[in-house]
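The structure appears right after this line, and notes come after that.
Values in this text are rule-based calculations from the coordinates and carry no lab data. Everything numeric in this text was worked out from a predicted model, so none of it was measured. Positions of Cβ are backbone-derived with ideal geometry, glycine not excepted, and every protein chain shown enters the neighbour counts.
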Amino acid sequence: MSTHDGISADAFDLHALNESLARTRFAGKLHHFASIGSTSTHAMAQADEAAPDGDVYFADEQTAGRGRGAHSWSSPAGTGLYFSVLLRPRLSPGDALWFSLAAGLAVHAAVERVTSLRADIRWPNDLLLGKHKFCGILTEMNAEVTRVRHLVIGIGINVRQPEFPEDIRKIATSLRLETGRDWSRQDLLAAVLSQLEAEIAVLTSPSGIEEATTNILKRLEQKSSWIRGKRVFVEGMEGYEGVTEGLDQRGFLRIRTAKGLKTVLSGGVREQS
Amino acid sequence: MNPEEMKELKELIEFLKENKIGEFDLERGDLKVRLKFAQEGQSPDLASLARLLAAQPVAAPAPIHLPPAVLPEVYAQQTPAAEAAKAAEAEDASLHIVKSPIVGTFYESPSPGAPAFCKIGDQVENGQVLCIIEAMKLMNEIESDVAGEVVKRFVQSGQPVEYGQQLFAVRPR
């Protein structure tokens with residue numbers, strides 16, 4: 001590989017990455033792969049083998065990157081940031097849902113810090129620039145009835161893709177396509193993990209989760225154009241349309257429909273043109 | 001559900017059986033009943049159905065008022081109805097109920113079109129994944145906390161479930 005090659009030009013420097021994360025739980029727990037099926041699948045398997053809280057698995061390429069339901073996550077070599085974070089928070093399974101919302105806010109803040117771009121958040125945690133998605137987050141949990149055993153937050157960010165395959169061109173974008181320049185995946189990874197550390201610290205604070213959740217709801221209202229007044233279609237067994245009407249106290253999206261107020265529990269909220 | 005309505009329902013099932021009708025949906029007000037007979041010539045499990053309906057909280061004797069979500073499909077059993085009834089009575093207390101630890105959407109398989117994690121009649125191990133509950137793009141794998149046979153599934157794939165809602169009944173071995 002020549003040094004002009006895009007892949008080697010944006011290679012990760014593990015030592016520097018560990019240094020920059022010195023004050024977080026992630027320092028010394030970074031595991032890099034040139035190519036892997038799915039970082040989340042690997043992380044869930046490692047969790048079963050007693051891997052510790054704070055482990056991060058990231059890859060230059062995923063050959064089986066996953067999204068929600070039957071969706072895959074296009075993960076070509078060297079252009080995107082694909083990573084999964086293993087956490088073992090002392091929380092009930094119900095409270096773990098806040099991590100899904102907090103992860104979106106963490107990426108939002110990190111992208112703004114590195115690129116100055118202010119992304120939109122499509123509930124619960126898709127990140128968009130304009131109408132196009134550049135970051136997807138899928139969280140997987142293994143829990144007992146009353147406590148979380150482990151949680152894996154999988155994050156895919158389109159960073160340096162100069163273009164997308166035909167089938168996702170209309171819905172996907174990358175930071176490069178939006179700004180006309182390449183950004184360092186390493187800087188983004190360090191920034192996301194730093195933001196995530198702050199979110200985790202508040203969510204697992206000994207003084208309880210209430211302060212964190214109030215703050216998460218407030219920030220989502222501020223940073224997302226999808227929380228209120230957006231005409232949407234909700235996918236599902238029986239899809240329906242309506243206008244978004246804020247979040248309830250648990251962070252679920254409320255939608256005003258012709259048949260009254262509905263609450264969306266899982267993803268699949270799309271803009272209705 | 002009052003005795004008259006129970007009787008009506010039993011008669012309806014007999015009628016469907018006699019006429020070899022494979023599937024039947026009924027919607028009357030808030031009451032929704034869905035019957036599905038697994039194989040021609042075999043009896044549906046009347047006893048299970050009766051217990052199921054009798055166990056629901058009834059606000060008023062008439063009209064029938066049941067939350068539609070808690071009425072699952074009723075599957076035919078492999079054993080004759082009478083025998084199943086006796087067995088069902090005896091095993092009821094010993095059945096282990098797997099409940100949802102979170103609010104979310106119930107999925108029987110890892111992705112649409114993929115085979116279900118488990119089917120009625122499957123032997124499962126302690127710790128084996130039975131289904132996924134999803135909320136806010138967080139996928140929660142629900143494990144069996146007992147080894148045994150899956151004898152009942154209370155919800156449909158894609159259906160919303162509440163905290164603590166019953167998902168499966170497992171007969172421990």
Margin query: With an 8 Å Cα cut-off and a minimum separation of 6 or more residues, compute the relative contact order for the stretch A:150-238 in percent.
Written below: 15 percent
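Want the number for A:Ala258 to A:Phe33: 0.36 nm per residue separation, take away the alpha-carbon distance, what's left?
Numbers: separation 225, 0.36 × 225 = 81.00 nm, distance 4.94 nm.
Contour length minus the Cα-Cα distance gives 76.1 nm.
Go through A:Lys170/A:Lys262; A:Lys133/A:Lys223; A:Lys133/A:Lys218 and tell me which ones have a Cα-Cα distance over 25 Å in this structure.
On the way: A:Lys170/A:Lys262 29 Å; A:Lys133/A:Lys223 15 Å; A:Lys133/A:Lys218 22 Å.
Over 25 Å apart, Cα to Cα: A:Lys170/A:Lys262.
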Next item on the list: For A:Arg228 and A:Glu211, calculate 0.36 nm times their separation in residues minus their Cα-Cα distance, and state this gained length in nm to one decimal.
Entry: 3.9 nm
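Set the Förster radius R0 to 51 Å, insert the Cβ-Cβ distance between A:Arg90 and A:Glu178 as r into 1/(1 + (r/R0)^6), and round the FRET efficiency to 0.05. Spell out each step's value before the answer.
Numbers: r = 39 Å, r/R0 = 0.76.
According to the calculation, E is roughly 0.85.
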Next item on the list: Mind giving me the nanometre distance, one decimal, between the label points for B:Ser109 and A:His71, set 7 Å out from Cα along Cα→Cβ?
Entry: 2.0 nm
Next item on the list: Run a plain Debye calculation on the stretch A:3-221 (Cα atoms as equal point scatterers, no solvent) and give log10 I(q)/I(0) at q = 0.09, 0.10, 0.14, 0.19 Å⁻¹, rounded to two decimals, same order as the q list.
Entry: -0.33, -0.41, -0.82, -1.60
Check: Expressed in nm to one decimal, what extension gain is obtained for the pair A:Met237 and A:Val145 from 0.36 nm per residue of sequence separation less their Cα-Cα distance?
Finding: 30.4 nm
Margin query: List the residues, sorted by chain then number, that are 5 or more residues from B:Lys99 or on another chain and whose placed amide H is less than 5 Å from its amide H.
Written below: B:Leu167
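Is there a simple number for the mean count of other chain Cβ atoms within 10 Å of the Cβ of residues in A:132-145, and what is it? Can you show the working numbers first?
On the way: counts 0, 0, 0, 0, 1, 3, 4, 7, 7, 11, 6, 7, 3, 8.
Taking the mean over all residues of the peptide, I get 4.
If you take the beta carbon distance between A:Phe12 and B:Glu162 as r and set R0 to 41 Å, what does 1/(1 + (r/R0)^6) give as a FRET efficiency, to the nearest 0.05?
Numbers: r = 44 Å, r/R0 = 1.07.
Once rounded, the FRET efficiency stands at 0.40.
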Margin query: So for the stretch A:3-221, averaging the separation of alpha carbon pairs under 8 Å that are six or more residues apart and normalising by length, what relative contact order in percent results?
Written below: 20 percent
Item checked: Simple label model, 7 Å out from Cα along Cβ direction - A:Ile168 to B:Asp92, nm -> 5.2 nm
